[in-house]
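Participant: Quick one: the structure is below, and I'll ask about it shortly.
The values are calculated or read from the model by the stated rules, or taken from the named source; none is laboratory data. Just so we're clear, the structure is a prediction, and the values are computed from it rather than from any experiment. All Cβ positions, even for glycine, are placed from backbone atoms using ideal geometry, and neighbour counts span all protein chains on display. Note: accessible area is taken over every heavy atom of the protein model, side chains too, but ligands, DNA and RNA are not part of it. Shrake-Rupley method; radii C 1.70, N 1.55, O 1.52, S 1.80 Å.
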Amino acid sequence: MAGDIAEKIAVKAGEGELAEEVGHYGDGAHDAAFPPFDPEYFVPQLVWLVLTFGLLYLLMSRLALPRVAGIIENRRERIAGDVAKAAELNGQAEAAQAEYEQALTDARSKAHAIANETRDKMKAEADELRADSDAKLEEDLAAAEARIAATKEKAMANVRDVAAEAAVTIVHQLTGETSEAETVADAVEKAMAAGGGR
Amino acid sequence: MAGTDPIHQFHLNKIVDLPIGGIDASLTNSGVFMIAATLGVTAFVMLGSSRKALVPGRLQSMVEISYNFVADMVKSSAGTEGMRFFPLVFSLFMFILFANMMGMFPYFYTFTSQLVVTFALAMLVISLVIGYGIYKHGFKWLKLFVLPGVPIVLVPLVTLIEVFSFITRPVSLGVRLFANMLAGHIALKVFAGFIVLLLGAGAWWSYPLAILPLLLTIALTALEFLVSFLQAYVFAILTCIYLNDAIHPGH
């Protein structure tokens, strides 16, 4: 680029006169150099870069970034706190559930115990009643048996007398002899014993 | 035609002449946009964090995304120790991003297309790497340049190459950003200029033909937005990687 070369020559020569003379090859002083390589504007740009970027760095590091960090940290803490609280509440709910289940189990076993007790009591009562009635029945049975035995005895005695009488009568009828009452009674006794006392 | 000159957009002029103590501190159009970028980034971050909402709004979300984006970048490339440089990397990223993005507006000056600016930022990073490396590790830090496990015969050569590659870092860091912005804006301007030239040619065929550079200009604009972000990102991540060398000099 003509302007660029002209600038270099001008710098080397260090003479305003020569620079002006050579500068005519370009399109005037303003277009002399490709702007990004124009040393005339190096210092002003550097000065303002230092000022603005320095200010920006200070504002960011002292003011802005701590504030943003605070917001993010605050949120992180809040979330962690909420999660911890939720876990705690969950624990409480689980404890309540366990307690409820325990109470339920207790009530159930208590009900069971009461039922058992009642059943045992009823059974004992029933047993007692049955035992009572059994005893009474046995008593009655024994009484009845005794009565039967007495009646039977009596009946048997009657039978012997009747048999003896019948035997005397039969003998009298057959032989015409009058038997001794004692002898007949003995014979009847023997016969009944041989007949098994039926 | 001055209107289609692709270099014209890079011309600097002094808005306020400020020679202070022999230093030319004049405010140029580039300086104005440095101020604008500073104010823009500050306004963005400060407004976005002013409500301190637990559930962020749109602006706060953007601020938090930017914060986390840069923080993750620093952590993944330079480790948790690198977080002490987080404000610097964040400032660099946002400053360059805003500068590049503002440059996409017509008539706005893109100061990242100035080599002296990008090179100064690159030198800031490299001086910090050298300064912090020596401050933290003493002169042992220079072992960074001596690769372990290299045959002794090759050590001088490899070390020379390492030193050379280190020296080229600020150059490549600065030139990459500068060249991308410069070339992108020139390309945009050249293709946009074609539209004007074709419309001004006056021939019947030049009007429909002007659609082609128009389409290209639209595509290039989208590409330039991508490049604007990407170059800010590349500058920031390379800063992190270089800083990692200062923090952890072992290879």
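Participant: Give the residue that is nearest to the other protein chains (Cβ to nearest Cβ), with candidates limited to residues of the stretch B:38-84 that are aliphatic (A, V, I, L, M), open to solvent by 60 Å² or more (accessible area, probe 1.4 Å) and more than 18 Å from residue A:61 (Cα to Cα).
Facilitator: Initial filter on the stretch B:38-84 (aliphatic (A, V, I, L, M)): B:39, B:41, B:43, B:45-47, B:53-55, B:59, B:62-63, B:65, B:70-71, B:73-74, B:78, B:83.
With open to solvent by 60 Å² or more (accessible area, probe 1.4 Å) added as a condition, the list becomes B:39, B:47, B:54-55, B:59, B:62, B:65.
If we keep only those that are more than 18 Å from residue A:61 (Cα to Cα) as well, we get B:54-55, B:59, B:62.
Working: B:54: 6, B:55: 9, B:59: 12, B:62: 11 Å.
Ranking the qualifying residues of the stretch B:38-84, first place goes to B:54.
Participant: Any residue that is without any contact (Cβ under 8 Å) to a residue 24 or more places away in the chain, more than 14 Å from every other protein chain (Cβ to nearest Cβ) and either of a type in the set (S, T, N, Q) or part of a loop (DSSP other than H, G, I, E, B) (or both) - is there at least one of those in the stretch B:122-129?
Facilitator: Scanning the stretch B:122-129, I find no residue that is without any contact (Cβ under 8 Å) to a residue 24 or more places away in the chain, more than 14 Å from every other protein chain (Cβ to nearest Cβ) and either of a type in the set (S, T, N, Q) or part of a loop (DSSP other than H, G, I, E, B) (or both), so the answer is no.
Participant: So for the stretch B:83-105 (the condition being within 26 Å of residue B:43 (Cβ to Cβ) and not in a helix (DSSP H, G or I)), does at least one residue qualify?
Facilitator: Looking for residues that are within 26 Å of residue B:43 (Cβ to Cβ) and not in a helix (DSSP H, G or I), one finds at least one in the stretch B:83-105, hence yes.
Participant: Examine the stretch A:28-39 for a residue that is modelled with pLDDT of 95 or more and loosely packed, with under 13 Cβ neighbours inside 10 Å, and state whether such a residue exists.
Facilitator: Kept after step one, since they are modelled with pLDDT of 95 or more, are these residues of the stretch A:28-39: none.
No, the stretch A:28-39 contains no residue that is modelled with pLDDT of 95 or more and loosely packed, with under 13 Cβ neighbours inside 10 Å.
Participant: Check A:119, A:108, A:62, A:78 and return the single one that is more than 30 Å from residue B:29 (Cβ to Cβ), at pLDDT 80 or above, facing another protein chain (nearest Cβ under 10 Å) and open to solvent by 40 Å² or more (accessible area, probe 1.4 Å). It would help to see each step written out before you state the result.
Facilitator: Values: A:119 fails: facing another protein chain (nearest Cβ under 10 Å); A:108 fails: facing another protein chain (nearest Cβ under 10 Å); A:62 fails: more than 30 Å from residue B:29 (Cβ to Cβ).
Of the residues listed, the single one that is more than 30 Å from residue B:29 (Cβ to Cβ), at pLDDT 80 or above, facing another protein chain (nearest Cβ under 10 Å) and open to solvent by 40 Å² or more (accessible area, probe 1.4 Å) is A:78.
Participant: A follow-up question, please. When you scan the stretch B:1-37, how many residues do you find that are part of a helix (DSSP H, G or I) and at the interface with chain A (Cβ under 8 Å from one of its Cβ atoms)? Full working, then the answer.
Facilitator: If we filter the stretch B:1-37 for residues that are part of a helix (DSSP H, G or I), which is where we start, we get B:2-4, B:8-10, B:29-37.
Going one step further and asking which of them are at the interface with chain A (Cβ under 8 Å from one of its Cβ atoms), we end up with B:10, B:30-31, B:34-35, B:37.
Count: 6.
Participant: Applying the selection to the stretch B:180-213, what residues are of a type in the set (Val, Ile, Thr) and either assigned to a loop (DSSP other than H, G, I, E, B) or closer than 14 Å to residue B:5 by Cα (or both)? Show your work before the answer.
Facilitator: Initially, the stretch B:180-213 is screened for residues of a type in the set (Val, Ile, Thr), giving B:186, B:190, B:195-196, B:211.
Those that are of a type in the set (Val, Ile, Thr) and either assigned to a loop (DSSP other than H, G, I, E, B) or closer than 14 Å to residue B:5 by Cα (or both): B:186, B:190, B:195, B:196.
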